[in-house]
Amino acid sequence: MKIHVQHLTNYQYTEKVSLGLHNLFLLPQYKPYYQIEHQKINLNPKSVDQNYRQDLAGNWFFQSWFSVETDQFEIETNWIFKLDPFNPFSFIIESNFEQSAWNTERPIFNYKEAESFLQPFLSRTELVDYWDLLLPIKEKSTGLIDFLVRLTQQLYEDWPHLIRHEQNIWEPSYTFSERKGSCRDLAFMQMDMLRSMGLACRFVSGYAYNPMLDDGHELHAWLEVFLPGAGWVGLDPSLGLFADHYYIPLAAHPEPYATMPVKGTYFGSASSKLTTQVGIKLI
């Protein structure tokens, strides 16, 4: 199947400003289950120059710089993707990793020789106690994968998805107490839950396609958990799913704010207003 993704980002300024350096995390990151058949990136005003760069986490982005004054900045990207079926459950994790903690009362997993490398993916800003939620799910589960399926589904059922146009991300403790949140809030909360069990996680932003869903999921956020033997496995608590070929990542990072689509500066005293629009349709 083929889909067309159109993403429009517009900044309006109350008076003319000078645009600084901008890093645009709007490039689809490589996944073997899709091919890019068409791509087009338009900037208004046009940049003096631009280049493809890669950050420390391995994300490719588009870096642009400018020399004109303007009262608006518009970024339009168009993509055509050919999607091939991808089964998110077709993997086998290392049994030693699962057995190292699963049979304990409160499992805390250990990556052994890889733990120092994964430390940023294990770091927590808060020490929220989730065990009253996690332990009953563990008792019903036959293993770690079954647990991840059940937890992701329960978060979907018990924490309703909100469409929030604010650019901030709620702290996990706040989302946990509110029992609702945007896709990025829920993803950050589940990351923190799994990190409390010693599981390495990273935050992912990108596009998600599902014609059966209401608007508000196209520009999306989810998380990935690292399972030795399987690698990074995508979980989507706002939909209760494992990420399959309908998920197209733009950036992945242990720090959620590092995946924001547009990072840049402007010079002047003006205030700004951001509007975004994403459309995904089947071709």
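Excluding residues on the same chain fewer than 8 positions from Lys16, give the aspartates and glutamates whose Cα lies under 12 Å from its Cα. The qualifying aspartates and glutamates are Glu69, Asp71. Residue ranges 237-249, 94-106 sort as 237-249, 94-106 when ordered by packing (mean number of other C-beta atoms within 10 Å per residue, highest first). How tilted is helix 144-158 with respect to the longest principal axis of the chain? Cα atoms for both, answer in degrees (0 to 90, nearest 10). In the chain, helix 144-158 runs at an angle near 60 degrees to the longest axis.
By per-residue mean of other Cβ atoms within 10 Å, what is the highest-first order of 141-151, 33-43?
141-151, 33-43
In percent, rounded to a whole number, the relative contact order of region 75-214 is 25, using alpha-carbon pairs under 8 Å and six or more apart.
Taking the helices alone, the chain has a mean residue ellipticity at 222 nm of -5500 deg cm²/dmol, built from -39,500 (n - 2.57) per DSSP H run of at least 4 residues and averaged over all its residues.
3J(HN,Hα) along region 178-184: 6, 6, 6, x, 6, 4, 6 Hz, from the Karplus curve 6.51 cos²θ - 1.76 cosθ + 1.60 with θ = phi - 60°, whole Hz, x for Gly and Pro. With a threshold of 20 Å on the Cα-Cα distance, the over-threshold entries among Lys31/Lys112; Lys2/Lys281; Lys40/Lys82; Lys140/Lys180; Lys112/Lys140 are Lys31/Lys112; Lys140/Lys180; Lys112/Lys140. Short-range pairs are left out: with C-alpha atoms under 8 Å and at least six residues apart, the relative contact order of the chain is 30 percent. In sequence order, region 105-121 has phi-based couplings of 4, 10, x, 10, 7, 9, 8, 6, 5, 8, 5, 5, 5, 8, 3, x, 7 Hz under the Karplus curve 6.51 cos²θ - 1.76 cosθ + 1.60, θ = phi - 60°, and Gly or Pro positions carry x. Summary of packing: across the peptides 158-165, 110-117, 169-176, the per-residue average of other C-beta atoms within 10 Å ranks them, highest first, as 169-176, 158-165, 110-117.
A short reminder: the numbers here are calculations on the coordinates, not readings from a lab. These figures come from a predicted structure and were not determined experimentally. Note that we place each Cβ from the backbone using ideal geometry, even for glycine, and neighbour counts take in every protein chain shown.
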